[in-house]
Structure formats: C-alpha cells, structure tokens
Amino acid sequence: MPLLLAMGLVTLGLIHLPPGDVFSAYRNDPKVSPAEIRKQERKYRFDRSFVVQYGFWLKNLFFEWPDEDSEAAGTASPKPRSWLPTRIRLDLGYSFVNKRPVVDIISERLANTLLLSVASLILIWAVAVPLGTYSAVRQYSLGDKVLSFIAFVGMSFPSFFLALILLYLVSLTGWLPVGGLRSHDYYTLSFAGKLWDLASHLIVPVIVIVTGSIAGMQRLMRGNMLEVMRMQYVTTARAKGLPERTVIFRHALLNALNPMITIFGYEFSGLLSGVALTEMITSYPGLGSVMLEAVRAQDVCLVMASMTIGGVMLIVGNIIADVLLAIADPRISYV
C-alpha cells in the first residue's frame, strides 16, 4: 500500500506539470458553458492542488459519501454533512475524453492486454531458458554460436520496425489477420475455430514483444549457467560420478534460475507498459492506445487507474517471484 500511494501521488504530480488540463478541449467549445466546466472542476476538485485531488480520488475509490451524491444531482443535502461512508465501492472516476466511467474502459481493454502479456511471458520463459541452458552446456559449439548470433540480432532489432515488417508481410500473404483480436464471424465459429481465431490475431504482436525479450533472457540464462557450472559444488558432483544430466538439471540449473526468477517479478509488470507501443502499431485493442491518449489529454482519472493497475501487477509479480524462489531454492525460507 505505501508503494501504491507513493506511485499515485507522483503520477498525479507529473500530470499537472504540463500546461492545460483535461478541460482544455472544452474551453473553446461553444456547446459547453464556462459554468458547466467550473461545476465539474469543483465536483472533482480539479480547481484544487494535486494533493487534494489525490485525496479526493482515493476517497471515492473506496467509499461513497451520501452528501456528494446529492451535490452531483444538484440538490442540497437536508442532513448535516456526514464523515462516515454509506457503502464501500470501487470507483475509478470518470474519463472526460471518452465521456464514460473509467471502470468501463478498463474492463473492456484490460483482459486483452493481460492475454497478450501473459502469452508473451509464457513464451519468453519457455524458449529463453532452454536455449540459454543449451548454449551454456555446449559453449563455443556451432549451436551456441548460431544462437548467440540470433540473440544479438534480436536484441538490436527495433520492435516497432519488426512490427511494421511483419504487418507488411502479413498484408501481402494474407496468412494472418492484420489488427484486432477477433474476426467479424468469431461468434459463429466452433470452439476450436474460436481458439484458432484468437491465436492467429495474437501471433504478430506476440512475435514483436518476445523477439527482443527472448534474446536478452537467453543471454542472461547462458551467463548464469556458465557461472554456476564453474562452481566447486558442480565439480564435486561430477567427481562423485553423478550423471551429467543430473549435474546440469538438478544442481546447476536450479541455482542458475534464481536470478531469472527475481527478474520475473519486474518482467510481469514491465510487459504492461512494454506492450503499449506494439498494441498501437498492430492495432491490437488493448490499454496501450487508451493510456497514451489519456496522458496526452491529461485525463487524470484514466491515467491514475492505469498507474494503479501497473503498480498492482508489479507487487503481484514480486510476490510470485518470492514464492517461486522459495520453491526453487531450499535455502530460502519466509517462515
């Protein structure tokens, strides 16, 4: 909670650094009266400091006060102001750019972004760890040199350029759909057809995301394995006559995975921001374009909601990493 609170306060402060506000586009609109703009500013505390705005946003995020509902309806509250909430709720605010509640926008796009992020994360680990282990075990072999060359190319290849190339090839061949998440006839397909339709729409953005990540993780896994395999206990295990497979997979691999598991906690949250550019280039209906538009328009509530989701993912990812470390390394205990 302290981390989320600090992230929220810093984020809201950064939103207020550029000139203008979320109502800048409405001030020149003759259909919107200045009185209505001032009313909305008072309602959401946009006429106050960002610290007061943050406290108001946090208060409405969890609780509902009866007098504020009456003020929003334009009626005076017949009872004295109450400092006790009537019920608990989860109100992320209102997006003035999209003219919709933020929770509706997030609920439409968050599942799509999580699907893309989780699919990419699983593929990164499923490919990078075995390739890095193979390169370390067969150091300086032809396979190691080929994989190292491919990894260096993947790390140096700009993701946006790779996305444009893939989209161009897909548009020429017609093998895969360009953009979107589902086809127009998705709901008329069978179960297997729906799975393939979703998978075919994910192929291009997933390739763009995982190319650089697999290359970097593979090189990191290779370095970890080489370092572990030079340690004394691995030499001792070999001297005792243990099979090479047991030495590698039971002794060396588990210890080499420890730094990788630690990175997993940050990779989990980093994918949320990392997929934003890919989503916009490939026309994938995720949170990427929504987040960019919200920041450009200084749509405070939508930016705060996106930040909160990223912070929660960072905390959840690190908790999962801690649990996996305790499982992989018997020397670690949280009891």
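The values are calculated or read from the model by the stated rules, or taken from the named source; none is laboratory data. None of the values given here were measured: they were computed from a predicted structure. Reconstructed Cβ throughout: ideal geometry from the backbone, glycine too, with neighbour counts over all protein chains shown. Ligands, DNA and RNA are excluded from the accessible area calculation, which covers all protein heavy atoms including side chains. Shrake-Rupley method; radii C 1.70, N 1.55, O 1.52, S 1.80 Å.
Across segment 294-335, what fraction of all alpha-carbon pairs, as a whole percent, falls in each successive 10 Å bin from zero upward?
Histogramming segment 294-335 at 10 Å steps yields 26, 29, 20, 15, 9, 0 percent.
As I understand it, the value is the acute angle between the Cα axis of helix 191-229 and the longest principal axis of the Cα atoms of the chain; what does it come to in degrees, rounded to 10?
It works out to around 60 degrees.
Based on the Cβ-Cβ distance from SER183 to VAL32, what FRET efficiency comes out when R0 is 41 Å, to the nearest 0.05?
After rounding to 0.05, the efficiency reads 0.55.
Going down the list LYS145/LYS240; LYS31/LYS99; LYS31/LYS59, which pairs span over 23 Å between their C-alpha atoms?
Over 23 Å Cα-Cα: LYS145/LYS240; LYS31/LYS59.
For helix 300-328, what angle does its Cα long axis make with the longest principal axis of the chain, in degrees from 0 to 90 and rounded to 10?
Its long axis makes an angle of about 30 degrees.
Looking at the square roots a ≥ b ≥ c of the eigenvalues of the Cα gyration tensor of segment 253-323, which shape do they give, rounded for a/c under 1.5, prolate if a/b is larger than b/c, or oblate?
Cα axes put segment 253-323 in the oblate bin.
Mean separation of Cα pairs under 8 Å and 6+ residues apart, divided by the residue count of the chain: what relative contact order is that in percent?
23 percent
What number comes out for the charge environment of ASP47, summing +1 per Lys or Arg and -1 per Asp or Glu over other residues with Cβ under 11 Å away?
+4
Cα-based Rg (one decimal) and Dmax (whole number) for the chain, in Å?
In Å, with Rg to one decimal and Dmax whole: 25.5, 86.
Once the Cα atoms of helix 2-15 and of the chain are each reduced to a long axis, what angle between those two axes, in degrees from 0 to 90 to the nearest 10, is obtained?
60 degrees
Report the chymotrypsin sites (Phe, Trp or Tyr not before Pro) located in segment 163-249 that are in a DSSP loop and have at most 10 other Cβ atoms inside 10 Å of their Cβ, or state none.
Sites meeting the loop and neighbour criteria: TRP175.
Accessible area per residue, 1.4 Å probe, Å², for the chain: what's the number?
On a per-residue basis, 56 Å².
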